[in-house]
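What follows is a single structure, written as structure tokens, with notes after it.
Each value in this text was obtained by applying a stated rule to the coordinates, not by laboratory testing. A quick note: this is a predicted structure, and the numbers were derived from the prediction, not measured. Note: ideal-geometry Cβ built from the backbone for every residue, glycine included; neighbour counts use all protein chains shown.
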Amino acid sequence: MHNIDVLKISQHKINLLDLNRQDLYLFLASLGAKKFSTEQIMNWIYNHYCNDFDKMLNISKKIRTKLQERSYIFASQFIEERTSCDGTIKWITLIDHQKIETVYIPERKRSTLCVSSQIGCALKCDFCATGKQGFNRNLKVSEIIAQIWQANKKLKQKNITNSIRNIVFMGMGEPLLNLNNVVSALKIILDEHGFGLSKRRITLSTSGIVPALNKLSKMIDVCLAISLHASNDSTRDILMPINKKYNIASLLSSVLKYLKYSNANRGGVTIEYVMLKGINDSNKNAEQLANLLNNIPSKINLIPWNSFLGSPFVCSDAKRINIFAEILRNKGFTTVIRKNRGQDINAACGQLTGKIINRFKSLS
Ligand code: SAH
Ligand code: SF4
């Protein structure tokens with residue numbers, strides 16, 4: 001079902017940020033608008049960040065009046081902002097009295113925005129602060145899109161020219177458990193009249209919801225990152241309870257299927273592996289991991305674990321991580337040790353909990 005069907009039945013005014021191009025086209029057709037007005041309106045929204053129909057002067061007065069009666073354009077605002085000493089910015093949005101987080105990570109040439117797909121997460125991975133928080137609800141398409149819209153606006157206000165060219169679904173939540181809304185948002189992100197980003201620069205990270213991953217390959221083509229984090233099922237069962245439902249073998253076979261369909265991935269997937277001292281970081285673990293990935297074209301990202309209050313885990317020592325990486329490299333895997341950004345403001349991977357820290361600067 002298209003989002004528009006849901007919205008039509010509901011009789012409520014429609015937020016145009018909930019509609020991808022196809023949905024917007026159907027909605028505009030129902031108002032009697034011409035076909036090309038879809039692109040014109042998307043241009044107003046995603047190029048000019050315009051939310052006022054009166055300013056859309058290339059749209060007829062009659063259609064603008066109908067739009068005003070039946071719809072609106074609303075992007076939830078960031079209510080708080082915190083900037084790290086390394087330039088990373090964390091923004092908080094308040095939705096239904098719940099907090100979600102969006103993180104901007106500046107890089108020399110192209111910056112990255114890490115977006116959330118759910119409020120909290122139901123999957124309870126042991127090493128993840130979001131998992132410990134529990135699940136509240138899925139984000140709507142407009143709530144995902146609003147994170148990018150507001151981030152772009154904020155960067156412009158700050159005269160930061162290092163614009164967002166990469167988007168990673170690595171914030172709060174499991175994107176494949178909010179499949180339809182995430183795919184619809186991805187369509188807007190990729191659309192030349194939407195944010196117009198390249199599929200090679202959009203990454204969806206998943207803990208491995210196998211049936212949804214199988215569906216995804218027929219819905220959209222973006223880069224895939226898999227949160228593996230263990231080299232065998234018994235360890236993964238403990239770290240990531242979802243493994244009891246979809247084990248490593250079923251996950252990797254689904255990944256291979258996705259790669260067959262995908263151009264974005266250029267034939268390879270990113271494997272994420274969080275480094276936990278004494279749990280998954282031995283030489284044997286590295287060798288097991290290399291064996292597991294023997295038939296999977298992949299690049300391995302080793303992620304130093306980020307601590308959060310109350311967690312019993314400890315991050316592996318830098319020396320151990322280097323040895324682990326060397327074993328994988330010697331087996332022929334491209335292996336990167338991920339830099340931790342924004343740790344001082346709790347904006348690093350797995351530190352997102354929606355908690356507001358008092359020292360946050362409030363935005364007016
Ligand atoms: N739910 C998705 C995407 C969000 S988590 C997923 O699990 O892939 C984004 C990444 O951060 C995942 O690889 C996740 O396993 C990792 N992560 C979670 N908690 C972490 C922590 N405390 N330190 C480092 N990485 C963590
Ligand atoms: Fe959810 Fe991903 Fe955290 Fe696991 S690692 S609890 S899937 S957000």
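A few comments on the model shown:
- When peptides 83-96, 330-343 are ranked by their average number of other Cβ atoms within 10 Å per residue, the highest-first order is 83-96, 330-343.
- Cross-link partners of Lys35 among lysines (Cα-Cα below 24 Å; sequence separation of 8 or more within a chain): Lys8, Lys13, Lys55, Lys61, Lys62, Lys66, Lys187
- Beta bridge orientation in the chain: antiparallel %, DSSP, nearest 5: 45 percent
- Straight-distance candidates among the lysines for linking to Lys154, with alpha-carbon spacing under 19 Å and chain neighbours fewer than 8 residues away dropped: Lys90, Lys99, Lys109, Lys361.
- Here region 159-275 has an Rg and Dmax of 14.7, 50 Å, counting Cα atoms alone.
- Between the helical axis of 179-190 and the longest alpha-carbon principal axis of the chain there is an angle of about 70 degrees.
- Cleavage-rule hits (trypsin sites (Lys or Arg not before Pro)) in region 91-149: DSSP loop, at most 10 neighbouring Cβ within 10 angstrom: Arg108, Lys109
- Anchor Lys331: aspartates and glutamates whose Cα lies under 13 Å away (excluding residues fewer than 8 positions away in-chain): Glu287
- Separation between Cα centres of region 208-270 and region 114-134, rounded to whole Å: 18 Å
- Crossing angle, helix 37-46 versus the chain [Cα axis fit, 0-90 degrees, rounded to tens]: 60 degrees
- Rg and Dmax, both from the Cα atoms of the chain and both in Å, are 21.1, 69.
- Acute angle (nearest 10 degrees) that the helix 210-219 long axis makes with the longest principal axis of the chain, alpha-carbon atoms: 40 degrees
- For region 139-181, radius of gyration divided by Kirkwood radius, i.e. Rg to Rh on alpha-carbons: 1.04
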